[in-house]
Amino acid sequence: MLEYAGSQRTGLQAHRGESVALVSVLRSLDWLLLAGVAGLVAVGLWAVQGVTRFDYPGHPGYYLDRQILYAAVGGFALIVAMVIDPDVYRRYWRAIFVATVGLIAVVFVLGSAARGSTRWINVGFFTFQPSEFGKLLCVLGIAGFVAERARSANEVSTTLRALGLGAIPILLVFVQPDLGTALVYLAALAAMLFVCGTPWKHLSILGLIGVLAAVGVLWAGPAVGVNFLKSYQKQRLTCFTHPATCPVDARYNVQQSIAAVGSGEVKGRGIDNATQTRLDFLPEHHTDFVFASFSEQRGFIGASLLLALYLLVLWRGLRVVTVAHDLYSAIVAGGIVVALLFQIFVNIGMTMGIAPITGIPLPFVSVGGSSMIANLAAMGVLLAVHARGRAARSRRR
């Protein structure tokens, strides 16, 4: 009887300990970051409502209804990720990395081809894009490898091994082919190495290797008859570097996008008068060029609101790196924030002609379930890192 009472008290104490820990985490949440993410989702739904109103005859809310559902599922994923202690990911980083590589690789077996790429898996009620979820999962996996070898971060072998590990998912995504997403993975990997303390000398050499690889892929390889990129990928990059010599049909998208952004002026043209979007002069206006369509309809004011919310989320995300309670959490936060920043910059930049067209979606705005759910889950991980870091500091005080 005494043993039973003792075990009951122990179980009750453990339950109380978990409850206290959960309350401590909730008190330590970055509510400003959470508000910024909620604001981005709200503005994204507002953008989709106007941009896609005339895309599906007889059903103006066709895309909006689906985007709301994706946001709800993503909100649930955010809550789940927020509750999980990041230390769980650190302990099982090997399993996470292997699962990520397998998830991306299965596209080549079960994936469906569209527009010359095999990136999606059709599961009936949902078109699943593994590479979108791989952005977060790769960060969680590779960060564990980098954190374990932090003491040897100055050694060239450590940097090379991290690059070799990251090259596996990057190459798998590249050959789908999905150059834009592969570049996001590369940006996240560089950020994780930087946060870990990789010497500037190593990072500079890696940057030089990247430039030489780009030269080989774009110019040296084709000159000797070896093509690493699809014809449309090369055309997109060459049109960005040499727009004057680019064929008219190849630069059509960028010209229409720039016209849409400029025609929005200060207050926007509204939904009915935004002819670039409504009359389909601007293709892919609900995915790749959603920022251009949103700027045409809502003008400088709407675009500024969206950019301000992005700035808020990025600022709070960088702050999470500084409050993380261990190196692994800091590396994860750095990888997530830089990946998000890279996607925002490239997507908005390509709509205005200051970045090449790579097909990278605009986070929280472009129509797509995989992107929305994966990005919200990543924000949940950031919130978890911040909460545990603040809670740990409070306990030390």
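The values are calculated or read from the model by the stated rules, or taken from the named source; none is laboratory data. No experiment lies behind these values; they were computed from the predicted model shown. Here the Cβ is made from the backbone with ideal geometry for all residues, glycine too, and neighbour counts use every protein chain on show. Surface areas here come from the heavy atoms of the whole protein model, side chains and all, with no ligands, DNA or RNA. Shrake-Rupley method; radii C 1.70, N 1.55, O 1.52, S 1.80 Å.
Rolling a 1.4 angstrom probe over the protein chains, ignoring ligands and nucleic acids, what is the accessible area of LEU212 in square angstrom, nearest 10?
Accessible area, nearest 10 Å²: 110 Å².
Would you kindly derive the ³J(HN,Hα) couplings of segment 66-82 from the backbone phi angles with the Karplus curve 6.51 cos²θ - 1.76 cosθ + 1.60 (θ = phi - 60°), listing them in order in whole Hz, with x for Gly and Pro?
5, 5, 5, 5, 4, 5, 5, 5, x, x, 5, 4, 4, 5, 4, 5, 5
How are the C-alpha pair distances of segment 304-397 spread across 10 Å bins, as whole percents from the shortest bin up?
That works out to 16, 42, 29, 11, 2, 0, in percent per bin.
May I ask you to give the percent of accessible area on segment 245-291 that is carbon plus sulfur, with a probe radius of 1.4 Å?
53
Take the Cα gyration tensor of segment 36-93, multiply each eigenvalue by 5, square-root it, and list the three semi-axes largest first, rounded to whole angstrom.
In descending order, the three semi-axes are 33, 11, 8 Å.
How big is D for segment 20-168, in µm² s⁻¹ as a whole number, if Stokes-Einstein is applied with the Kirkwood radius of its Cα pairs at 37 °C and 0.692 mPa s?
Roughly 176 µm²/s, to the nearest whole number.
Volume per residue, Å³, of the convex hull around the alpha-carbon atoms of segment 288-338?
With only Cα atoms used, segment 288-338 gives 62 Å³ per residue.
Using label points projected 7 Å from each Cα along Cα→Cβ, tell me how many nm separate LEU212 and LEU32, to one decimal.
Label at LEU212, label at LEU32, 4.4 nm between them.
Would segment 256-358 count as rounded, prolate or oblate if I go by the C-alpha gyration tensor, calling it rounded below 1.5 in a/c and otherwise prolate when a/b exceeds b/c, oblate otherwise?
prolate
Hey, can you grab everything whose amide H is under 5 Å from the amide H of GLY268? Only 5+ residues off in sequence or another chain; H modelled, so Pro and N-termini drop out.
GLY299, PHE300
Could you pull out the GluC sites (Glu not before Pro) across segment 239-346 that fall in loop regions by DSSP (anything but H, G, I, E, B) with no more than 14 other Cβ atoms inside 10 Å?
Answer in residue order: GLU265.
Can you sort ILE205, ILE96 by 1.4 Å-probe accessible area, starting with the largest?
Highest to lowest solvent-accessible surface, that is ILE205, ILE96.
Counting alpha carbon pairs within less than 8 Å and at least 6 residues apart, what relative contact order, in whole percent, applies to segment 93-193?
Computed value for segment 93-193: 30 percent relative contact order.
Starting at the first residue of segment 371-378, write each ³J(HN,Hα) from the Karplus equation 6.51 cos²θ - 1.76 cosθ + 1.60 with θ = phi - 60°, in whole Hz, x for Gly and Pro.
5, 5, 5, 5, 5, 5, 4, 5
Net charge near PRO130: determine it from the other residues with C-beta under 12 Å of the C-beta of PRO130, scoring Lys and Arg +1 and Asp and Glu -1.
0
So who's got an amide H within less than 5 Å of the one on TRP120, skipping anything under 5 residues away but keeping other chains? H placed 1.01 Å off N, in plane.
Here the answer is SER112, since their amide H atoms fall under 5 Å of that of TRP120.
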